[in-house]
Amino acid sequence: MNDLWVFGYASLMWKPDFKFTEKRRARLSGYHRSLCITSWEHRGTRERPGLVMGLDNGGACVGLAFKVAPNDKDDVIAYLRERELVTNVYLERMGKLTLDGGERVDGLIYVADHRHEQYAGRLSVEDAVERVCGAAGGMGPNEDYVLNTADHVKSLGIKDHWLQAVADNIRKRSS
């Protein structure tokens, strides 16, 4: 009952950087994975913004749920707030996750704040590729972030046609 579950749908899947005791595939209903956040810090700058993922309204998102032991809960939440709430474009919420096997748990999620100036909204594949290519921030090139996320999603057998189309077009532009 005192365990914390954290839902990862983008970089948290491939770089959680916090202590966890279990990792499971999970589904979150009511939100979908989207390149809907303008990045001025991690994957872009004010002069050349990039894009990062957010959980946006509608649909469902399959990702990974990380179980955190009660003794690590406060440290993990503090770390996630420092990582995810740099500019407060995400809203910290609890959501119902369905783990592989059908078990339902409450999970910590970070959803896109539509009222925030960094919310980019729903973009076409072409618009997303244009914004991503050439952008870089404190965590490196924007292309690396998108391609790592797309590759992880694909390696887990998760179908995300829009994200894969963005990744394929980024790869075409780089070759």
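Which three extents, in angstrom, do the Cα atoms of the range 65-175 have along their principal axes, listed largest first?
Answer, in whole Å and largest first: 47, 34, 24 Å.
Looking only at Ala165, Ala65, Ala136, which one moves most when the chain is put into a Gaussian network model with springs between Cα atoms under 10 Å?
Ala165
Per residue, how many Å² of accessible area does the range 89-175 show with a 1.4 Å probe?
Averaged over the residues of the range 89-175, the accessible area is 53 Å².
Leaving out ligands, DNA and RNA but keeping every protein chain, what accessible area does Phe20 have, in Å² rounded to the nearest 10, with a 1.4 Å probe?
Its accessible surface works out to 80 Å², give or take rounding.
Springs between alpha-carbon pairs under 10 angstrom, Gaussian network model over the chain: which of Thr45, Thr149, Thr21 fluctuates most?
Thr21
Would you work out the charge dipole size for the chain about its Cα centre, treating the Cβ of every Lys and Arg as +1 and the Cβ of every Asp and Glu as -1, and quote it to the nearest 20 debye?
380
Can you give the Rg/Rh ratio of the range 1-139, where Rg is from the C-alpha atoms and Rh is the Kirkwood radius?
Answer for the range 1-139: 0.98.
Treating the beta-carbon of each Lys and Arg as +1 and of each Asp and Glu as -1, no other charges, what is the dipole magnitude of the range 71-175 about its Cα centre, to the nearest 20 debye?
320
Out of Val86, Asn169, Phe20, whose Cα points farthest toward the positive end of the dipole of the chain (charges: +1 Lys, Arg; -1 Asp, Glu; placed on Cβ)?
It is Asn169, whose Cα lies furthest towards the positive end.
Report the Cα centroid-to-centroid distance between the range 94-117 and the range 141-170 in angstrom, as an integer.
Spelled out, the Cα-based centre of one part sits 20 Å from the other.
Using a Gaussian network for the chain with springs between C-alpha atoms less than 10 Å apart, which of these wobbles most: Arg115, Arg81, Arg24?
Comparing Arg115, Arg81, Arg24 in a Gaussian network model of the chain, the most mobile one is Arg115.
Cα extents of the range 21-70 along the three principal axes, largest first, in whole Å?
Largest to smallest, the principal-axis extents are 40, 27, 15 Å.
What FRET efficiency do you get for His114 and Tyr79 if R0 is 35 Å and r is their Cβ-Cβ distance, rounded to the nearest 0.05?
So, using R0 = 35 Å, E works out to roughly 0.85.
With every protein chain kept in the model, how would you rank Val125, Val132 by accessible area, 1.4 Å probe, largest at the top?
Val125, Val132
When N counts the residues of the range 45-103, how does its alpha-carbon radius of gyration compare numerically with 2.2 N^0.38 Å, as a ratio?
1.41
With the full set of protein chains in place, find how many percent of the accessible area of the range 1-116 is carbon and sulfur; take the probe as 1.4 Å.
That fraction is 46 percent.
Please report, in debye to the nearest 20, how large the charge dipole of the range 1-58 is about its Cα centre when each Lys and Arg carries +1 at its beta carbon and each Asp and Glu carries -1 there.
Charge dipole, the range 1-58, about its Cα centre: 200 debye, nearest 20.
At a probe size of 1.4 Å, how large is the accessible area of Ser175, to the nearest 10 Å²?
So the heavy atoms of Ser175 present about 120 Å² to solvent.
Cα-Cα pairs above 19 Å in the range 88-152: how many percent?
In whole percent, the long-distance tail amounts to 56.
Calculate for the chain the 222 nm mean residue ellipticity that helices alone would give, adding -39,500 (n - 2.57) per DSSP H run of length 4 or more and normalising by residue count, nearest 500 deg cm²/dmol.
-9000 deg cm²/dmol
The values are calculated or read from the model by the stated rules, or taken from the named source; none is laboratory data. Computed from a predicted structure; not experimentally measured. When we count neighbours, we look across all protein chains shown, and the Cβ atoms used for this are built from the backbone with ideal geometry, even at glycine. Only protein heavy atoms, including side chains, enter the accessible area calculation; ligands, DNA and RNA are left aside. Shrake-Rupley method; radii C 1.70, N 1.55, O 1.52, S 1.80 Å.
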